[in-house]
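**Student:** My questions will all concern the structure given below.
The values are calculated or read from the model by the stated rules, or taken from the named source; none is laboratory data. Keep in mind it's a predicted model, so treat the numbers as computed, not measured. Because the Cβ atoms are built from the backbone with ideal geometry, glycine has one as well, and the counts that use them run over all protein chains shown. What goes into the accessible areas is simple: the full protein's heavy atoms, side chains included, and nothing from ligands, DNA or RNA. Shrake-Rupley method; radii C 1.70, N 1.55, O 1.52, S 1.80 Å.
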Amino acid sequence: MEVIVAKSAGFCFGVKRAVDKVYEQIEKNSENKKIYTFGPIIHNEEVVKDLEKKGVQVVNTIDELKKIEEGIIIIRSHGTTKEVYDIIEENNLILEDATCPFVKKIHKIVQTEKNNGKHIVIIGNANHPEVQGIKGWSGDDTTIIGNEEEANNFDYNGGKSICIVSQTTFNYNKFKYLVEIISKKGYDINVLDTICNATHERQAEAKEIASKVDEMIVIGGKHSSNTQKLYEICKNECNHTYYIQTIDDLDLRNIKADSYVGITAGASTPNNIIEEVHTNVRIKF
Ligand code: F3S
């Protein structure tokens, strides 16, 4: 048996930076201020539970945020809407902004392009907090397109030019395909590929590994959109692709003794979980 682990598996730069910021805040919190993250810091239950044990609370809604009178609020790597920053300021809370710089860049682009009179199209998953955050900066004159049907149905008649951006973790080929559909409609369009490099690399490497192995294991939180996309990509290449959160979800009977096995993981999967899966697959045989 041979096992290959993707070099790009696990925390990307932005997620690592955000998680590190939370642990830093815990360490330097000599005045014992309350520490909150706006939404779970990453899509990984193990990490969120560990932080909870250390006193970090998750604020899930705007209404909950409005009720907080003091403490430190950490914005996660996905970023958030302008409204959230305004509430933090109004309530005199301490802001620790861990928005990934690549996401921040999209916020700036859509704000500028909106001010230049453009209609903004975000290619991404409408329910994802990153996309909702971007929309919070581009305003109501925004369309979110996440699939072929929505691209086909896109019928904008507001008379403005259109600026297209992407969710940072969107599947690059799908992005190109959806942009092609929109481009054929004859609008005046400028397209900014804002998929981040970490995602490009992770997806390309996962595809390459999945195309040559017998079994492929994709590790990540069940709500992690970038892990779901990795799974889609790997499944297309390798029929025996398994999506797991931890080693407990993996049925080792699916892995054959003479297999060539590939492992990759989403951007919010800690290294120790990847190592645990790697070790367990190897020691089985
Ligand atoms: Fe940032 Fe890219 Fe990660 S946008 S959070 S480095 S996937």
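**Student:** Give the residues of the range 198-209 that are within 16 Å of the ligand (Cβ to nearest atom) and in contact with a strand residue (DSSP E or B) (Cβ under 8 Å, 6 or more places away or on another chain), sorted by residue number. If you could, list the steps in order and put the result at the bottom.
**Tutor:** From the range 198-209, those within 16 Å of the ligand (Cβ to nearest atom) are 198-206; that's our starting set.
Matches in the range 198-209: 202, 205, 206.
**Student:** Would you mind finding the one in 235, 222, 160, 212 that is more than 16 Å from the ligand (Cβ to nearest atom), open to solvent by 20 Å² or more (accessible area, probe 1.4 Å), assigned by TED's automatic domain parsing to the domain that holds residue 143 and charged (D, E, K, R)? Even if it seems obvious, please write down each step before you answer.
**Tutor:** Values: 235 fails: assigned by TED's automatic domain parsing to the domain that holds residue 143; 222 fails: assigned by TED's automatic domain parsing to the domain that holds residue 143; 212 fails: assigned by TED's automatic domain parsing to the domain that holds residue 143.
Being more than 16 Å from the ligand (Cβ to nearest atom), open to solvent by 20 Å² or more (accessible area, probe 1.4 Å), assigned by TED's automatic domain parsing to the domain that holds residue 143 and charged (D, E, K, R) holds for just one of 235, 222, 160, 212, which is 160.
Yes or no, residue by residue, for (1) assigned by TED's automatic domain parsing to the domain that holds residue 40; (2) over 14 Å from residue 34 (Cα atoms):
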{"position": "66", "(1), (2)": "yes, yes"}
{"position": "71", "(1), (2)": "yes, no"}
{"position": "75", "(1), (2)": "yes, yes"}
{"position": "82", "(1), (2)": "yes, yes"}
{"position": "87", "(1), (2)": "yes, yes"}
{"position": "90", "(1), (2)": "yes, yes"}
{"position": "106", "(1), (2)": "no, yes"}
{"position": "109", "(1), (2)": "no, yes"}
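**Student:** With 49, 33, 28, 53 as the choices, which residue is more than 14 Å from the ligand (Cβ to nearest atom) and touching a residue at least 24 places away in the same chain (Cβ under 8 Å)?
**Tutor:** On the way: 49 fails: touching a residue at least 24 places away in the same chain (Cβ under 8 Å); 28 fails: touching a residue at least 24 places away in the same chain (Cβ under 8 Å); 53 fails: touching a residue at least 24 places away in the same chain (Cβ under 8 Å).
Result of the check over 49, 33, 28, 53: 33.
**Student:** Something else about it: Does residue 117 meet the test of being open to solvent by 20 Å² or more (accessible area, probe 1.4 Å) and outside the structural domain of residue 80 (by TED's automatic domain parsing)? Steps first, answer last, please.
**Tutor:** Numbers: open to solvent by 20 Å² or more (accessible area, probe 1.4 Å): yes; outside the structural domain of residue 80 (by TED's automatic domain parsing): yes.
Taking the combined requirement at face value, the residue satisfies it.
**Student:** Ok, one more. Just to be sure I understand, how many residues within the range 99-139 are within 15 Å of the ligand (Cβ to nearest atom), touching a residue at least 60 places away in the same chain (Cβ under 8 Å) and hydrophobic (A, V, I, L, M, F, W, C)?
**Tutor:** Qualifying residue count, the range 99-139: 5.
**Student:** Can you name the residue in the range 1-24 that is among the aromatic types (Phe, Trp, Tyr) and not in a loop (DSSP other than H, G, I, E, B) and, of all such residues, is most open to solvent (accessible area, probe 1.4 Å)?
**Tutor:** If we filter the range 1-24 for residues that are among the aromatic types (Phe, Trp, Tyr), which is where we start, we get 11, 13, 23.
Filter once more, keeping what is not in a loop (DSSP other than H, G, I, E, B): 13, 23.
Working: 13: 114, 23: 66 Å².
The residue in question is 13.
**Student:** With the condition being out of contact with any Cys (no Cβ under 8 Å at 6 or more places or on another chain), I'd like the strands (runs of 3 or more DSSP E) fully within the range 50-137 carrying at least 3 qualifying residues.
**Tutor:** Values: elements: 56-59, 72-75, 94-97, 119-123.
It comes to 56-59, 72-75, 94-97.
**Student:** In the range 80-92, is there at least one residue being open to solvent by less than 80 Å² (accessible area, probe 1.4 Å) and closer than 17 Å to residue 142 by Cα? Even if it seems obvious, please write down each step before you answer.
**Tutor:** Step one: filter the range 80-92 for residues open to solvent by less than 80 Å² (accessible area, probe 1.4 Å), giving 80-81, 84-88, 91.
Of the ones still in play, those that are also closer than 17 Å to residue 142 by Cα are 80-81.
Yes - at least one qualifying residue is present in the range 80-92.
**Student:** So, in the range 25-49, how many residues would count as being within 15 Å of residue 11 (Cα to Cα), part of a loop (DSSP other than H, G, I, E, B) and open to solvent by less than 30 Å² (accessible area, probe 1.4 Å)?
**Tutor:** 3
**Student:** Determine, yes or no, whether residue 102 is at pLDDT 95 or above, within 21 Å of the chain's Cα centre (by Cα) and open to solvent by less than 70 Å² (accessible area, probe 1.4 Å).
**Tutor:** Numbers: at pLDDT 95 or above: yes; within 21 Å of the chain's Cα centre (by Cα): yes; open to solvent by less than 70 Å² (accessible area, probe 1.4 Å): no.
Considered against the rule, which asks whether it is at pLDDT 95 or above, within 21 Å of the chain's Cα centre (by Cα) and open to solvent by less than 70 Å² (accessible area, probe 1.4 Å), residue 102 comes out as no.
**Student:** What pairs can you find where one residue is in the range 174-203 and closer than 16 Å to residue 151 by Cα, the other is within 16 Å of the ligand (Cβ to nearest atom) and open to solvent by less than 70 Å² (accessible area, probe 1.4 Å), and their Cβ atoms are less than 6 Å apart, with a gap of 6+ or different chains?
**Tutor:** Note: pairs meeting the criteria are 175/123; 175/166; 178/123.
**Student:** Within the range 50-63, take every residue that is open to solvent by 80 Å² or more (accessible area, probe 1.4 Å) and more than 22 Å from the chain's Cα centre (by Cα) and give me the one that is farthest from residue 266 (Cα to Cα). First the steps, then the outcome.
**Tutor:** Initially, the range 50-63 is screened for residues open to solvent by 80 Å² or more (accessible area, probe 1.4 Å), giving 52-54, 57, 60, 63.
Filter again for more than 22 Å from the chain's Cα centre (by Cα), leaving 53-54, 63.
Numbers: 53: 24, 54: 25, 63: 30 Å.
Top of the filtered list is 63.
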